[in-house]
Structures are given as structure tokens and as C-alpha cells.
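One structure is given below, encoded as C-alpha cells.
The values are calculated or read from the model by the stated rules, or taken from the named source; none is laboratory data. Because the structure is a prediction, the values reported are computed rather than measured. Virtual Cβ from ideal backbone geometry, glycine too; neighbours counted across all protein chains shown. For the accessible areas, the whole protein counts, side chains as well, though only heavy atoms, and no ligand, DNA or RNA atoms are used. Shrake-Rupley method; radii C 1.70, N 1.55, O 1.52, S 1.80 Å.
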Amino acid sequence: MGKFGHRNTVSENLSDYMIGLLGESGIEKSSTIVEVCHKEFGDDGYILFNMGKEQGIDAIDGAIYENIEDWKKFDEVTKDIIKNKQTDYPNLKVVVIDTIDQALAISTVETIRRWNTENMGKKNFEPAKTLLACWGGFSAPLDYNINLLLDKFWELKKVGVQVWIIGHVKTKEIIDPITGNTYSTLTTDISQRDFNAFKNKLHVVGIAYIDRNIETIDTGRKNIVSHKTITVNKVSNEVRRISFRDDTYSVDSKSRFADIVSDIPLDADAFIKALKDAIRSAKKG
């Protein structure tokens, strides 16, 4: 091998990977990630950033967290970790962003503030009130806003602290670029443009969902006009699960590890096993 070029070795440490878990509100994605962090890194090995108006931490007993109300607090905490990693945070492996949508809301305020501060005092300058009204408009303010967060994530990464992301989901209608057909997918509730900017950096994205069995029940009554039997649909069973890969594109999951299991129960032990099995398989290759 010449002067340049490195041989990569796949790490078996989960803290070396950027991981995301998205799901409906209240499905227990935050508590699952906290349990994973407890088991893998210990109490001093992770901190959950309770971003903006997110309140998921209130229901997780024993979680290690920090309230991040605004960009000033986010900047203060991340700078402290970066500066004092070796002395005050020697065992810190992961910072969990809960949630990415609230993190973007915080960075949006900061993006607008920086634009207004930089241009205040210029002739005929009118302070921006919205994201698209600053930094030249079009895609520029969107890129600026995303990069505010990504730059922070990479500063943490440089000192040995990986970032994991939690987010919310909703159903979206997607138009296939080849066929023009429309299909539904369970994906992030932030803009697809913003999500793709983070998803492209993540090694694994799991989508937490509720798998429901629905039965058609005969009510024993008939419609007085059509004389047809009246039926109702009833949920007979539901299970919370995580999808890492879906060939039908019904969920917006992702994995850089080819052999990751497609679907698991929403459970910390199952989550850890799925990731470690996929990593070990990649090492065998």
C-alpha cells in the first residue's frame, strides 16, 4: 500500500455507529434507546438530550439526560463535553438527540438569529422572521440550518462521542420517480429533504411501528335496504416492532449492514442483538 489508503476494520462497538430510531409518539422509542444505552454503555456512557419541547424523558425513570431548551444551552453543553471529554466525561460514548424534529426547531431559531445579527445595521435591512427569509433564500437557509447540527455532531464524533437520533413518524404519499405511481410509506415527520440529510449519515435507521391484526366481526344485523350482513373491523391483537429493512418500501428504514434482520420486537435486547449480529456478519465478509 502506498502513502495514501487505509484498510478498514469493522468495529463491534455500537458506539462507533450513528444510529436512529423513529416511531409514533408514545410507542416507547425513547425508553428503548435509554435501556440499550444503559446495557451497552452504563450510566456514565451516555446522555440523552431532551430537546426543546420534547417531554419523553418525564416517563423514563433513571434516565441520564440534560434539558436542551434552546441553541444557547445546546452550544454550552456540547462545548463542555468537547473541551472536557478526557477529564469530566471519560466514559461518555453516545449523545442521544431526542428528538431530531425538536433539534431542527432549535437550530432554525439560531439560523435566523445569526442572519439578523450579521446584517443588523445595514441600510434598508429588515430582520428575517422565517427560515426561508434569510441567507439568500431558496435552499441556502435549509442547508445552513442542517449544517449547524451536523457540524456539532461531527465535533462530538472527533472527541469519541457518537450521536444517536430519535424522531417521530407519519404516513406520507410518495411518487415513484420511474413509474409515476403513488404509494404510502411510514417515514419521518420532518421534511424529506431534512431527513435525507441526516439519514445519509446514519449507519442504521429503525422504524418502530404497531403491527395490528384486524378481524372482521359479524354483528348479527342486516342492512334494511341492501339486506347485507353488517360487519365491523376490530383489532384482535397488536405488537410493537422495529423494522430495519422493508423490500416493499412501506417504511423508511435503512441499514449499511447487508445482513441485518428485517424486523424485530420493540425490545432493547432484541435491538442490541440485531445490530451486533449484523456487524459480526459484515466482519465475516
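Once both labels are positioned 7 Å from their Cα atoms along Cα-to-Cβ, the gap between GLU126 and SER25 label points is 3.4 nm.
Over the stretch 5-91, accessible surface divided per residue gives 54 Å², non-protein components excluded, 1.4 Å probe.
Measuring nothing but protein heavy atoms, the accessible surface of the chain at 1.4 Å probe radius is 49 percent carbon and sulfur. Residue-wise HN-Hα couplings along the stretch 168-177, as the Karplus relation 6.51 cos²θ - 1.76 cosθ + 1.60 with θ = phi - 60° gives them from phi, are 9, 10, 7, 7, 10, 8, 10, 9, 5, x Hz; Gly and Pro carry x. Counting 0.36 nm for each residue step from ASP58 to ASP43 and taking away their Cα separation leaves a gain of 3.7 nm. Note on VAL159 and THR9: the extension gain reaches 52.1 nm, defined as 0.36 nm multiplied by sequence separation minus the Cα-Cα distance. Averaged over its residues, the stretch 96-160 has an accessible area of 54 Å² per residue, based on protein heavy atoms and a 1.4 Å probe. The C-alpha atoms of the chain define a longest principal axis, and helix 100-119 lies at about 40 degrees to it. For the peptides 175-182, 194-201, residues were scored by their other Cβ atoms within 10 Å and the scores averaged per peptide; the highest-first order is 194-201, 175-182. Ellipsoid semi-axes for the stretch 110-191, based on the Cα gyration tensor and the rule √(5λ), read 31, 23, 11 Å when sorted largest first. Ordered from longest to shortest, the equivalent ellipsoid semi-axes for the chain are 37, 28, 20 Å, each the square root of 5 times a Cα gyration tensor eigenvalue.
Under the simplified labelling scheme, the LEU150-ILE272 pair shows an inter-label distance of 3.3 nm, with each label point 7 Å from Cα along Cα→Cβ.
Grab the DSSP H runs of the chain that are 4 residues or longer, score each as -39,500 (n - 2.57), total them, divide by all residues and round the 222 nm result to the nearest 500 deg cm²/dmol.
Numbers: 7 runs with 94 residues, N = 285.
The helix contribution divided over the chain gives -10500 deg cm²/dmol.
Ignoring lysines fewer than eight residues from LYS85 along the same chain, the ones with Cα atoms less than 17 angstrom from its Cα are LYS93, LYS152, LYS157, LYS158.
With a simple spin-label model that places each label point 7 Å from the Cα along the Cα-to-Cβ direction, the separation between ASP246 and GLN192 comes to 1.5 nm. Descending by average beta-carbon neighbour count within 10 Å, the peptides 7-13, 203-209 line up as 203-209, 7-13, the highest first.
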